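Below: the structure, in structure tokens.
The values are calculated or read from the model by the stated rules, or taken from the named source; none is laboratory data. It should be emphasised that the depicted structure is a prediction, and the values quoted were computed from it without experimental measurement. Glycine gets a Cβ as well: all are built from the backbone with ideal geometry, and neighbour counts include every protein chain shown.
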Amino acid sequence: MAANPQTAAERRAPWLLLAPSLITLVLLMILPICIMFVYSFYEFVTAGVEKHVYTTANWREFFSDSYYHMFLWKTARVAAITAILCALLGYPPAYFIAMTQYKHKWLLLLLLIVPFWISFTIRTFSWIHILGEQGVINVLLMKTGLISEPLRLLYTEGAVIMGMIHFLLPYMILNIYVSIEGIDRNLISAARTLGCTAWQAFYEVVLPLSLPGLMAGLLLCFVLAAGSYVTPDILGSTRDSLFGNVIFDTIMGQLNWPMGSALSIVLLVLLGIVAVIYSRFMGLSRVFKGLGA
Amino acid sequence: MTGPSMTTAPAVELRNVTLAYHTFVAVKDVSLSIRKGEFVTLLGPSGCGKTTILRSIAGLVQPTGGEISVAGRRIDNVPIHKRNIGLVFQNYALFPHKSIFDNIAFGLKYRKVEKAEIARKVKRALDMVRLPGVEKKLPSEMSGGQQQRIALARAIVIEPDVLLLDEPLSALDANLREEMRTELKIIQREVGITTIFVTHDQEEALAMSDRIVVMNKGEIEQLGTPEDVYRRPETRFVASFLGQSNLLPGRITAIADGQARVQLDGGPEIIAAAPASARAGAAVTVVVRAQKVTIGAGSKAMPGKVISASYLGGTAAYFVESGGIRLQSNATIDERVWREGEAVGITINPADCLLLDEKGDRLV
Ligand SMILES: Nc1ncnc2c1ncn2[C@@H]1O[C@H](COP(=O)(O)OP(=O)(O)OP(=O)(O)O)[C@@H](O)[C@H]1O
Ligand SMILES: [Mg+2]
């Protein structure tokens with residue numbers, strides 16, 4: 001006969017359980033975004049003042065002014081470089097932590113999380129003491145006589161990327177670590193007995209099976225890097241600003257809320273599109289499997 | 001046939017192999033010689049070092065002492081990927097991201113076999129394990145029994161010098177296990193491949209093996225044909241591990257006409273066939289299989305009382321008590337099923353009794 005019909009209470013239960021998260025999401029995410037979207041159609045009069053009339057002026061400005069396009073493009077480039085460098089730098093330690101026979105693995109994982117105990121801003125500022133004109137590197141190089149004038153290390157795009165890697169690397173390592181940790185060690189043994197050297201077994205088994213984690217890490221790092229504005233602000237010159245800094249400047253500097261709203265929506269939509277295309281291409285379920293398996 | 005040494009060299013030979021993980025000795029001084037085409041089973045309780053022996057032959061762990069040769073060639077120092085050994089894992093370890101074809105072709109690819117030949121060999125291997133036409137599927141699309149066959153095909157297709165099977169049937173349900181047992185044995189005969197099979201299931205070992213290596217705590221307890229180890233256990237461990245046996249401690253009081261009179265500790269006397277080395281006064285353990293303990297109404301037999309009875313269809317399992325000792329009896333039902341509390345006569349044929357000395361070794 002028919003399967004047990006669910007009672008009304010049973011059908012309601014999942015929604016009741018979801019309600020707190022749904023309400024939070026709607027009130028603190030969806031609603032503000034909608035308000036911002038409405039704002040982007042208001043008219044900017046002067047700093048801090050806008051007229052509540054419908055205009056597409058802000059959007060026309062965004063689509064016509066190459067100033068914004070240039071920043072978008074640059075943001076994508078810097079975020080991509082950061083994500084790829086994070087992957088290259090993060091894979092070996094992730095592999096090591098996953099494969100080590102060391103009894104106190106949790107300690108190594110703890111070390112990854114320790115930086116989060118210090119404020120992100122302070123961590124970023126710490127680079128000034130390393131890269132600055134009076135920083136460790138320049139002082140050392142000058143003392144040893146290798147250079148006569150301090151090198152310009154700080155306030156460059158390189159410094160910005162370095163700062164973002166500093167902040168994003170643990171996310172990348174954890175993502176890759178989880179997917180390598182989930183690989184059955186017997187698969188490696190099987191590949192070895194079938195004729196693979198250790199390197200070939202890595203290439204045939206570990207690398208492909210850790211791809212979901214690697215891909216999830218890349219997406220996460222890209223999105224977080226593309227949305228950041230504190231790091232470029234502290235470690236970059238004005239030339240190294242990213243799209244986030246443009247938004248910050250529009251809203252906090254020019255007090256042009258309608259334009260700032262339009263730009264924020266642009267960044268949000270573009271990053272959303274990246275995530276969607278990426279997951280279509282990679283299969284988001286596979287990406288999430290990398291996070292969960 | 002390049003010389004006599006080639007034809008007589010054992011397919012696999014372990015000489016005094018010892019392996020320690022840090023301070024824990026998992027395999028102690030194991031020596032073993034396996035003929036070409038032979039099916040040898042390593043049988044023993046969990047943790048006795050069976051997997052460790054397989055892994056050291058495959059090269060996945062390095063013995064701390066001793067020598068291992070395969071096909072007359074020392075392989076202890078040959079790296080894993082050059083050993084040409086087929087290993088089937090308990091959980092199959094099929095590559096989940098590769099098709100069945102690529103799984104089976106894997107070893108051939110690394111042996112630089114050309115494409116057309118690979119395709120032919122993979123097809124033949126799939127025919128052999130009776131799964132033709134599944135090349136394009138992924139392992140996750142196959143059932144447990146099918147994955148098992150693919151793992152077997154992947155190991156055999158490279159024509160290894162020896163096939164190592166680590167509890168390959170333990171993940172299957174009972175019916176399938178029995179079916180695969182027969183099939184595995186047929187395939188092994190067809191290919192004529194030297195096989196080392198690991199199990200802790202004694203029925204499996206007895207049914208499939210040419211010879212059985214009974215292991216305990218990293219050491220070989222006995223090496224022999226299934227009949228040898230079952231009927232003539234050499235140690236206390238083998239006697240108690242295989243089948244259901246009564247182990248009755250006692251002392252020999254007299255020997256006459258090839259028969260020893262044994263006074264069981266705190267119990268009755270029992271007559272056992274006396275091996276040549278049996279001496280009056282020696283402390284011994286009498287070993288009697290539960291099937292060899294028969295109970296009936298007889299009066300001249302040892303008197304006893306049924307403590308518990310389980311009816312099993314063709315046979316019945318009893319616990320009977322006689323003069324303070326407890327005996328297990330699994331007898332075919334001749335007269336009738338005896339009930340708890342009934343007085344019965346216990347008969348044990350002296351020829352069915354084995355004697356173990358104080359150290360637990362069989363007297364011969
Ligand atoms: N990597 C290791 N490090 C330390 N000890 C180990 C390691 N691998 C196995 N051992 C120990 O060595 C002993 C033998 O292990 P092995 O896996 O060979 O047993 P087994 O006979 O295959 O058992 P099972 O029937 O449970 O598979 C066990 O006591 C185990 O705890
Ligand atoms: Mg094992």
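Descriptive notes on the structure:
- Only one of B:PRO45, B:PRO96, B:PRO63 that is part of a loop (DSSP other than H, G, I, E, B) and within 13 Å of ligand 2 (Cβ to nearest atom): B:PRO45
- Failed item, numbered, when B:VAL78 is tested on (1) within 14 Å of chain A (Cβ to nearest Cβ); (2) in a loop (DSSP other than H, G, I, E, B); (3) over 18 Å from A:GLY195 (Cβ atoms): (3)
- With respect to the conditions (1) more than 12 Å from every other protein chain (Cβ to nearest Cβ); (2) of a type outside the set (A, V, I, L, M, F, W, C); (3) within 14 Å of ligand 2 (Cβ to nearest atom); (4) closer than 24 Å to B:GLN146 by Cβ, B:SER56 falls short on a single one, namely (4).
To keep it simple, each residue is scored yes or no on (1) modelled with pLDDT under 95; (2) away from ligand 1 (no atom under 16 Å from the Cβ); (3) more than 13 Å from every other protein chain (Cβ to nearest Cβ).
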site	(1), (2), (3)
B:ALA71	yes, yes, yes
B:ARG83	yes, yes, no
B:TYR92	yes, no, no
B:SER143	yes, yes, yes
B:VAL157	no, yes, no
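- Complete set of residues in region B:286-304 that are crowded, with 16+ Cβ neighbours inside 10 Å and not in a strand (DSSP E or B): B:ALA290, B:GLN291, B:LYS292, B:ALA301
- The residue that is farthest from A:GLY195 (Cα to Cα), among those in region B:95-116 that are out of contact with any helix residue (DSSP H, G or I) (no Cβ under 8 Å at 6 or more places or on another chain) and away from chain A (no Cβ under 14 Å), is B:ALA116.
- Of the residues making up region B:50-69, just one is of a type in the set (S, T, N, Q) and more than 16 Å from ligand 1 (Cβ to nearest atom), namely B:SER69.
- Scan of region B:259-285 for residues that are in a strand (DSSP E or B) and of a type in the set (D, E, K, R), ordered by number: B:ARG261, B:GLU269
- Helices (runs of 4 or more DSSP H) within region B:168-258 that include 2 or more residues within 16 Å of ligand 1 (Cβ to nearest atom) and crowded, with 16+ Cβ neighbours inside 10 Å: B:202-208, B:236-241
- Applying the condition of being within 16 Å of ligand 1 (Cβ to nearest atom) and of a type in the set (Val, Ile, Thr) to region B:1-38 and asking which residue is modelled with the lowest pLDDT yields B:THR23.
- Residue satisfying all of: in region A:168-214; among the acidic types (Asp, Glu) and surrounded by fewer than 22 Cβ atoms within 10 Å (Cβ to Cβ); nearest to the other protein chains (Cβ to nearest Cβ) among these: A:ASP184
- Any chance A:ASP233 is of a type in the set (Asp, Glu) and more than 14 Å from every other protein chain (Cβ to nearest Cβ): yes
- Scanning region A:254-274 for residues being under 19 Å from A:VAL49 (Cα atoms) and either assigned to a helix (DSSP H, G or I) or under 16 Å from the mean Cα position of the chain (by Cα) (or both) gives a total of 8.
- Filtered by the rule that a residue be in contact (Cβ under 8 Å) with a residue 60 or more places away in the chain and within 16 Å of ligand 2 (Cβ to nearest atom), region B:154-198 gives B:LEU164, B:LEU165, B:ASP166, B:GLU167, B:PRO168, B:SER170, B:ALA171, B:ILE196, B:PHE197, B:VAL198.
Okay, residues lined up against (1) in a strand (DSSP E or B); (2) under 24 Å from B:ALA239 (Cβ atoms):
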{"site": "B:VAL306", "(1), (2)": "yes, no"}
{"site": "B:ALA316", "(1), (2)": "yes, yes"}
{"site": "B:GLN328", "(1), (2)": "yes, yes"}
{"site": "B:TRP338", "(1), (2)": "no, no"}
